[in-house]
Amino acid sequence: MAHTTDHMATLIRRLLAPLLLTCPPECGIVTITSVQVSGDGGVATLRITALKDAQTAVKHLRKSRREIAEAFSGSELRRVPEIRWQIDFEEERLERLDELLK
């Protein structure tokens with residue numbers, strides 16, 4: 001069954017969200033803000049925010065190859081896309097803008 005990139009993004013978010021709970025406590029609460037899947041489905045870029053330390057969260061998640069493979073095993077996707085973790089600075093920029101407007 002062929003999947004649209006939107007469907008794949010939703011599925012990838014659902015499969016990988018539990019990994020966020022494995023981030024070290026110093027990261028605080030970690031959230032996936034967006035998932036973008038390349039047109040061929042070969043690459044998925046997940047942007048995250050963290051309440052305290054997003055840099056540590058990204059470093060931790062980039063080392064989770066085995067856990068990612070396990071999350072995808074048994075899924076409806078034919079192949080595991082290359083997962084790229086990035087910090088989402090957009091929320092931070094919006095908060096600064098909001099503060100300036102006040």
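The values are calculated or read from the model by the stated rules, or taken from the named source; none is laboratory data. Since we're looking at a predicted model, the values are computed, not measured. Glycine gets a Cβ as well: all are built from the backbone with ideal geometry, and neighbour counts include every protein chain shown.
If you go through region 54-83 one residue at a time, how many are in contact (Cβ under 8 Å) with a residue 24 or more places away in the chain, in a helix (DSSP H, G or I) and not β-branched (Val, Ile, Thr)? Step through it out loud before you land on a result.
Pass one, region 54-83, residues in contact (Cβ under 8 Å) with a residue 24 or more places away in the chain: 54-58, 60-61, 64, 67-68, 71-72, 75-77, 79, 81-83.
Next, from what is left, pick out any that are in a helix (DSSP H, G or I): 54-58, 60-61, 67-68, 71-72.
Then keep just the ones that are not β-branched (Val, Ile, Thr); that gives 54-55, 57, 60-61, 67, 71-72.
Qualifying residue count for the region: 8.
Just one of (1) in contact with a helix residue (DSSP H, G or I) (Cβ under 8 Å, 6 or more places away or on another chain); (2) within 16 Å of Pro24 (Cα to Cα) trips up Val58, so point out which.
For Val58, the exception is condition (1).
Search region 1-32 for residues being within 23 Å of Glu76 (Cα to Cα) and of a type in the set (S, T, N, Q), and hand back the single one that is modelled with the highest pLDDT.
Taking the candidates together, the pick is Thr10.
Restricting attention to region 76-99, and to residues there that are farther than 25 Å from Ile29 by Cβ and not charged (D, E, K, R), which single residue is modelled with the highest pLDDT? Outline the logic, then answer.
First, the residues of region 76-99 that are farther than 25 Å from Ile29 by Cβ: 76-82.
Filter once more, keeping what is not charged (D, E, K, R): 77, 80-81.
Numbers: Leu77: 85, Val80: 88, Pro81: 94.
Per the criteria, the residue is Pro81.
What tally of residues in region 1-53 results from selecting those that are in a helix (DSSP H, G or I), surrounded by 15 or more Cβ atoms within 10 Å (Cβ to Cβ) and in contact with a His (Cβ under 8 Å, 6 or more places away or on another chain)?
Going through region 1-53 one residue at a time, the tally reaches 2.
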